[in-house]
Amino acid sequence: MKKTLLFTAGILFGLILLTYPEVTKGKENGSPGGKTNSPIDGSNCTGCHNTTLNNGQGSVVISSNMPNLEYVPGQTYTITVTSSHPSFTTYGFELTAENGASKAGSFTITSSETKLVNGGNAVTHKSSGIFGSSSLKTWTVDWTAPGFASVDFYVCAVTANGNGQNSGDEVHTGNVYSVTEQQSTAIEEKEQLFSVFYSDEKINI
């Protein structure tokens, strides 16, 4: 009986050791998806990292190369996510775009540090893209604009203390990054032809 118990305990302990890295470091290879804190996703990274939202010294912002925050449907733009922390050097994120009713536009991966997630409707980090320098980490991705009148980008980022645990980290959401479809201002020119002649002491047009 003792041998059986010891054997069973040994197997359980071995399984714990084998799965330990997956439990503590499972998110190094990206978000599972649907964690951007957007209206459609409705969730963020606080559940896995055991912390409260937007509490701490970290931050995250979204930027792009869209002139005047306006896009042309069908055109591709570069979206940049920048996360920072004064003392942490390990980072992660998930980014998505929505038009209120659905996901909007399409993402194209341009870096070995990122990948698509959530059915291709979001972008997250890979294990090769979690380490920053000078307390800063930046990721970029291409986004092809849809034909909607406006689109909102949402991001949730993790700044981690690098202890291999899911405690002591910070989770932040940046301000909603809103862009609108560029409105064309076509000017219609009409050409009119006039015929002028003189008759009966009158000028006729």
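The values are calculated or read from the model by the stated rules, or taken from the named source; none is laboratory data. Because the structure is a prediction, the values reported are computed rather than measured. Here the Cβ positions follow ideal geometry from the backbone for every residue, glycine too, while neighbour counts run over all protein chains shown. Note: areas computed on protein heavy atoms with side chains; ligands, DNA, RNA excluded. Shrake-Rupley method; radii C 1.70, N 1.55, O 1.52, S 1.80 Å.
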Exercise. Checking T144 against (1) β-branched (V, I, T); (2) in contact with a helix residue (DSSP H, G or I) (Cβ under 7 Å, 6 or more places away or on another chain); (3) loosely packed, with under 15 Cβ neighbours inside 10 Å, which single condition isn't satisfied?
Worked result: (2)
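In region 55-64, what residues are open to solvent by 30 Å² or more (accessible area, probe 1.4 Å) and either in contact with a Phe, Trp or Tyr (Cβ under 7 Å, 6 or more places away or on another chain) or not in a strand (DSSP E or B) (or both)?
N55, G56, Q57, S64 - these are the residues of region 55-64 that are open to solvent by 30 Å² or more (accessible area, probe 1.4 Å) and either in contact with a Phe, Trp or Tyr (Cβ under 7 Å, 6 or more places away or on another chain) or not in a strand (DSSP E or B) (or both).
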For this session: Could you look through region 67-90, keep only residues that are at pLDDT below 95 and among the hydroxyl-bearing types (S, T, Y), and pick out the one that is nearest to the chain's Cα centre (by Cα)?
Result: T90
For this session: Could you tell me whether region 155-167 includes any residue that is open to solvent by 50 Å² or more (accessible area, probe 1.4 Å) and at positive phi?
Result: yes
For this session: Confirm whether S84 is closer than 16 Å to V158 by Cα, open to solvent by 40 Å² or more (accessible area, probe 1.4 Å) and of a type in the set (S, T, Y).
Result: no
Exercise. Yes or no: T52 open to solvent by less than 50 Å² (accessible area, probe 1.4 Å) and modelled with pLDDT under 95?
Worked result: no
Problem set entry | Per-region count, region 94-124, residues open to solvent by 10 Å² or more (accessible area, probe 1.4 Å), at pLDDT 95 or above and not acidic (D, E) | 18
For this session: Return a yes/no flag: does region 182-192 have any residue that is touching a strand residue (DSSP E or B) at 6+ places or on another chain (Cβ under 6 Å) and either surrounded by 11 or more Cβ atoms within 10 Å (Cβ to Cβ) or at pLDDT 75 or above (or both).
Result: yes
Problem set entry | Hey, G120 in a loop (DSSP other than H, G, I, E, B), within 22 Å of P32 (Cα to Cα) and in contact with a Ser or Thr (Cβ under 8 Å, 6 or more places away or on another chain) or not | yes
Problem set entry | Meets criteria (within 19 Å of T124 (Cα to Cα), in a loop (DSSP other than H, G, I, E, B) and open to solvent by less than 40 Å² (accessible area, probe 1.4 Å)) for S43 | yes
